[in-house]
Each structure stands twice: as structure tokens, then as C-alpha cells.
Amino acid sequence: MRYRTLGRTGIEVSTHCLGTMMFQDGFNSDHDDCVRIIHAALDQGVNFLDTADMYGQGESEEIVGKALRGRRDDVVLATKVHFPMGEGRNRGGNSRRWILKAVEDSLRRLDTDWIDLYQIHLPDHTTDIEETLSVLTDLVTQGKIRTFGCSNFQPEEIVEAHHVSERRALGRFRTAQPPYSILARGIESSLLPVAERHGMGVLVWSPLAFGFLTGKIRKGAPVDMESGRAAIRPGFFDPAIAENAAKLDAVEQLVELAESIGCTLPELAVAFTVAHPAVTSAIIGPRTMDQLEALLKGAALTLDDATLDRIDEIVRPGVNLYNPAASFPPRSLTDASLRRRPLAERSAA
């Protein structure tokens, strides 16, 4: 396993990061099996683990805590905060009030005294970014977290946060966690250059494009819309939708390319993401031991220029064949009042 420095933090992490979203009820709820998967990843050189408090409402963090007993010092541990944890007001978001509560809960579930990378899972338009950066800076000073980053932020939101950090002498986001795959290359145009400019580490999620790059979803094959990922996001899988047809066409060409260089489609997909100079690590999220072993098998795969050129022909740089962050649209798109002047002011004369 190769290691890279996480931005300018000085922390060295494996180029594959083990994501633990699958370790929860509804996916893999066998805690002992999940612990074995984590140990197998660590034994093969992975030293970077990513989880979140909202994965199974804390279940994933509890599993990670069990797995790291006796091995905590050897692991760079990342978790996230933002989504509601239980019912009631003020049990989610990016406020000082909630983050101070949420970090203590995560520390308890993870059975650790510190978190290496604490990430804001989503932006929160109801909370001033200065409020969020201030409490994260305090947590670093207190030793409860080592550094902090953001997940699913737009490039302009990252830049704004850096400006606030500089003006207010606060700690700044050291990492970003965006979606990235061969089928979703939109971040190449802006977010990745912004991250490089600010010396941020980047850990990307969904390198297998929500399952489209596993090799199991093929053109002309029937799609079970009642179970699995298709039941969660039917709009991503319905072959009658033109956007999905374009994905399936690209997959057929990528399968052919993978076969021509002697690798599997998942191996090609993950290797593509870590070939970008701005990407530090790709998050792999296996549900089973077999899935972990299949993904790690391709860790040594090096894609040459000819292969990357062919990928560029199949899916052009900076192009999204689908929007992996469709569940987290920015408020500028969801709030019509931000896109429409008052009725009396809309005309030009």
C-alpha cells in the first residue's frame, strides 16, 4: 500500500481509505464480521478509516471502536458530523451547541480519546461558517480532534471558509471529501484545483459510481428496482432515463478497456481516482470480506497515459454523467426565493 501526506497536515495515510458506511443494520449488521473486515484491511496496509455519526445512527462508529481496540495508535481515524441524531430540535447541523455534544458522543462510541480528522458532513446555511470554524478550532486546542475538514461542500463554500479562517485567525479546513469517479468528473473543473491551491487533502467517495462501476450493472440486463441501491435511488438506475443510458454506454466501453489491460472494472475505477494529483485517498466501502479483497487486489494497478487518454475519450474531463450529490443540492437550487426577484421587480422596464 502506498501512503500520501494528507494535504499539509503532515499525517500520512494510505491511498485506499476504508469507508464503513456499510457496517450497519440493513447492510452488514454482523459486528464480528465487520471487525474482521476492518482488521483484514489494516493487515494489508490500510491505515485510514472513515465513518460518520449518522451511519446507522452511531452503529458504524461503535463497530469501528470495537475493531480499533489495541490498534488505535496505528490508525488515522476520520468521522463526520451534521445529520440529525435522533428526534427533537438542535440535534444536528453545524452549530457550536450541537458539535460540542456530537463530538463527545462520537468519542464515546469510537472508544477513543481523540479523532484524527473531524469533518463537517454538509454545509449548514442556518449557521455562520465562523461559528463552525470557531468550535472546530477549540476542539483542536482541547486535543479532542487533531484536524478538521469538510464533506460535500461546493468550491465557493470552501473558499469562503478559508477567507473567514484567515480574517478571524481560526483553524481552516484541511481536507475535502467530495464524490468522484470516472462517471462523475465534475470536481475536476473547480473543486480539485481549489483544494490543490489551498493545500488540502482530498479523500473521494463513491469511486464505483454508486455501483455502476462494479461490473454488475450492464446495458440490456434487467434492473431490480425493488431492492438494493436501485430501491434507494431509482432515478440513478431506471434505464428509460437518458442520463442512465449514457452511463450504461460508458460502462460497456470501460469494461472493454479494463479487459484490454487485464484488470477488473472496479480495479480500473478506483485506480483512476487516485491517479489524479489532487486526490490523496479513495474511500472504498466494502460490505463483505470478498468485496474488500477484490478492491485491495487492484491497489498496485498503475494506469498509463494511453489508458487515461482512453478514459478521457469515454467520459470527458470535468463532465458528470450523473450527479452523485443529487441528494445534497445547494440551497441556491432548492430555495426558489433565491432564484426569483419579487414579482414587481422582475421585468426589465
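The values are calculated or read from the model by the stated rules, or taken from the named source; none is laboratory data. Not measured: the values here are computed from a predicted model. In this analysis, Cβ positions are derived from the backbone assuming ideal geometry, glycine residues included, and neighbour counts consider all displayed protein chains. The accessibility values were calculated without ligands, DNA or RNA, using every heavy atom of the protein model including side chains. Shrake-Rupley method; radii C 1.70, N 1.55, O 1.52, S 1.80 Å.
Below, the figures for the structure above:
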| quantity | calculated |
| --- | --- |
| Subset of the stretch 269-288 that is of a type in the set (A, V, I, L, M) and open to solvent by less than 20 Å² (accessible area, probe 1.4 Å) - its residue that is farthest from residue 259 (Cα to Cα) | 278 |
| Test result for residue 237, without any contact (Cβ under 8 Å) to a residue 24 or more places away in the chain and open to solvent by less than 50 Å² (accessible area, probe 1.4 Å) | yes |
| Counted residues, the stretch 174-213 - those being assigned to a loop (DSSP other than H, G, I, E, B), farther than 19 Å from residue 236 by Cα and touching a residue at least 40 places away in the same chain (Cβ under 8 Å) | 5 |
| Whichever residue in the stretch 268-319 is in a helix (DSSP H, G or I) and β-branched (Val, Ile, Thr) and, among such residues, is nearest to residue 214 (Cα to Cα) | 270 |
| Extreme residue, nearest to residue 16 (Cα to Cα), among residues of the stretch 285-334 that are β-branched (Val, Ile, Thr) and modelled with pLDDT of 90 or more | 302 |
| Unique residue being under 30 Å from residue 3 (Cβ atoms), in contact with a strand residue (DSSP E or B) (Cβ under 6 Å, 6 or more places away or on another chain) and touching a residue at least 60 places away in the same chain (Cβ under 8 Å) when the list is 295, 254 | 295 |
| Unmet requirement for residue 222, which otherwise passes all of (1) part of a helix (DSSP H, G or I); (2) of a type outside the set (Gly, Ala, Ser); (3) free of Cβ contacts under 8 Å to residues at least 60 places away in the same chain | (1) |
| Search result, residues across the stretch 312-349 that are in contact with a Leu (Cβ under 7 Å, 6 or more places away or on another chain) and under 28 Å from residue 258 (Cβ atoms) | 314, 315, 321, 322 |
